[in-house]
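In what follows, a single structure is set out as structure tokens and then discussed.
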Amino acid sequence: MAEHTKVTVGVTGGVAAYKAVEVVRHLQDAGFDPHVVMTASAEKFLQPLTFSAITNHKVITSLWSEDAGAMGGELSGIEHINEAQTTAALIVVPATANILAKFAHGIADDFLTTMYLATTAPVIVAPAMNVAMWQHPATQANLATLRERGVTIVEPGSGYLACGMTGGGRLAEESAIVAAVAEVLAKHSSHTTNDLAGETLLVTAGGTREPIDPVRFIGNRSSGRMGYAIAQQARARGARVILVSAPTSLPAPEGVELLPVTTVEEMREAALKRLPEASMVVMAAAVSDYRVSEVSQQKLKRNGPRTLTLEPTADILREIVAARKPETLVVGFAAETENILDNGRAKLTRKGVDALVLNDVSGTTTGFDSERNAGWLLTVEETIELPESTKAVMADRILDKAVTLRSTRSHAAQS
Ligand SMILES: Cc1cc2nc3c(=O)[nH]c(=O)nc-3n(C[C@H](O)[C@H](O)[C@H](O)COP(=O)(O)O)c2cc1C
């Protein structure tokens, strides 16, 4: 999935139509280029102008616009076919009971329904309706049909509905809809792209351990899942991957060269040794900033208060940046709990990396030792939000950006 991927947002005639505006904004923040299609009923709730103003694209409202059959596209001159073939995903938000029924039964009587039949891109629907409409067996049967045909349903939540009732049928949160889009597209792209073929990725992962005595160490809560996800997705996209890993409980990703290490010094040695082979380096390991000055050779016994003297460890990221070939791209990671964006941008500059992934580790469902993650991807020019998603999806988003930055870096290195 490339940066600024075109996606089509279908807006239908429900009270939650106004929330589609926020979804479009969130999609833009997540790096997508949304184009909007509105049904006739949606126009009763919102003006197309709202969407054209924020997307900078014409909003499609009819199958029968003047240029519908005359649009000079590479793939087709017919507008709905062109839209169907050039979009990476169709997202319907909100999805009325009516649109679900039409999709399920193959009715094609306006632009959105005709485009739905004509597209092979993944389809994501976010239903919103009155609770009785939601629970109606007809609606539930239509949803089951769509699910079976591979449509992703972003389940509505429960709560107060505009019809005055409380219950199921309330549009899912905007962030959940955007996360579903990113997730579906990452899955789709990892099966179809080989855009890292010819690249060698050096990835660090896991949490280092600095010994205190023969049985104790200074460690951290990193599970290694983020770095392993990067290694796995990069391999799936055609890269050769060298994974320098501090201890984790994860199985070695298939097809990846695994180099197990324990301490910062071991990680430093292994990473610097293999650096000359790498065209991209992703430093996802949680590296201890300090180690014990004098490691006890014997197990320390309980004997009243004890003070451990700590000394700083090597700054591996900085050494990698200094020792890399000019065309080698370096992506760093930072875990922050406060002033996340300010601290991240300062670190990006201080370390001289091409991109920095900022992990928000203050959340309870994301970050360390979690299946999911959220944060930001900083480059010198951009701040890209990485909405909450699985670590595999986040890995793909990071790799998408790395592919773009890498081509810029190798051009700059050649000229
Ligand atoms: C004020 C009002 C609010 C509506 N809200 C919803 C809604 O939230 N969900 C829904 O499925 N239908 C809702 N409807 C009904 C749809 O607008 C109607 O089924 C329409 O045919 C949908 O057309 P579309 O799916 O082509 O946009 C609402 C209708 C009105 C008049």
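Quick note: the coordinates plus some simple rules give every number you see, no bench work behind them. Fair warning: this is a prediction, and the values are worked out from it, not measured in the lab. As a convention, Cβ positions derive from the backbone with ideal geometry for all residues, glycine included, and neighbour counts pool all protein chains shown.
Below is a table of values for the structure above.
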read-out: Cα-based shape type of the range 194-414, given that a ≥ b ≥ c are square roots of the gyration tensor eigenvalues and the cut on a/c is 1.5; value: prolate
read-out: Proximal aspartates and glutamates relative to Lys102, as straight alpha-carbon distance under 14 Å, when same-chain residues fewer than 8 apart are discounted; value: Asp110
read-out: At R0 = 51 Å, FRET efficiency that the Cβ-Cβ distance of Thr120 and Tyr290 yields, to 0.05; value: 0.45
read-out: Value of Rg/Rh across the range 6-190 [Cα atoms, Kirkwood radius]; value: 0.94
read-out: Two-decimal Rg to Rh for the range 240-297 - Kirkwood Rh, Cα set; value: 1.01
read-out: Potential extension, Ala176-Lys301 segment - 0.36 nm per residue separation minus Cα distance; value: 39.9 nm
read-out: Nearby lysines by direct alpha-carbon distance to Lys325 (threshold 18 angstrom, same-chain neighbours under 8 apart not counted); value: Lys273, Lys351
read-out: The chain - mean residue ellipticity at 222 nm from DSSP helices (-39,500 (n - 2.57) per run, n ≥ 4, rounded to 500); value: -11000 deg cm²/dmol
read-out: Calculated FRET efficiency for the pair Glu277/Glu381, C-beta based, R₀ 30 Å, to 0.05; value: 0.60
read-out: For Lys351, Lys58, Lys401, Lys19, order by how many other beta-carbon atoms lie within 10 Å, fewest first; value: Lys58, Lys351, Lys19, Lys401
read-out: Mean shadow area of the chain over all directions, Cα convex hull, nm²; value: 24.9
read-out: Anchor Lys19: aspartates and glutamates whose Cα lies under 13 Å away (excluding residues fewer than 8 positions away in-chain); value: Glu173, Glu174
read-out: Sites Asp33 and Tyr160, calculated FRET efficiency, Cβ-Cβ separation with R0 30 Å, nearest 0.05; value: 0.35
read-out: Debye log10 I(q)/I(0) at q = 0.21 Å⁻¹ for the range 130-246, Cα point scatterers; value: -1.13
read-out: Kirkwood hydrodynamic radius (C-alpha pairs) into Stokes-Einstein, the range 279-346, 10 °C and 1.306 mPa s, D in µm²/s; value: 103
read-out: Selection of trypsin sites (Lys or Arg not before Pro), the range 235-316, meeting DSSP coil and at most 12 other Cβ within 10 Å; value: Lys299, Lys301, Arg302, Arg306
read-out: Coil-residue trypsin sites (Lys or Arg not before Pro) of the range 78-177, DSSP, other Cβ within 10 Å capped at 13; value: Arg149
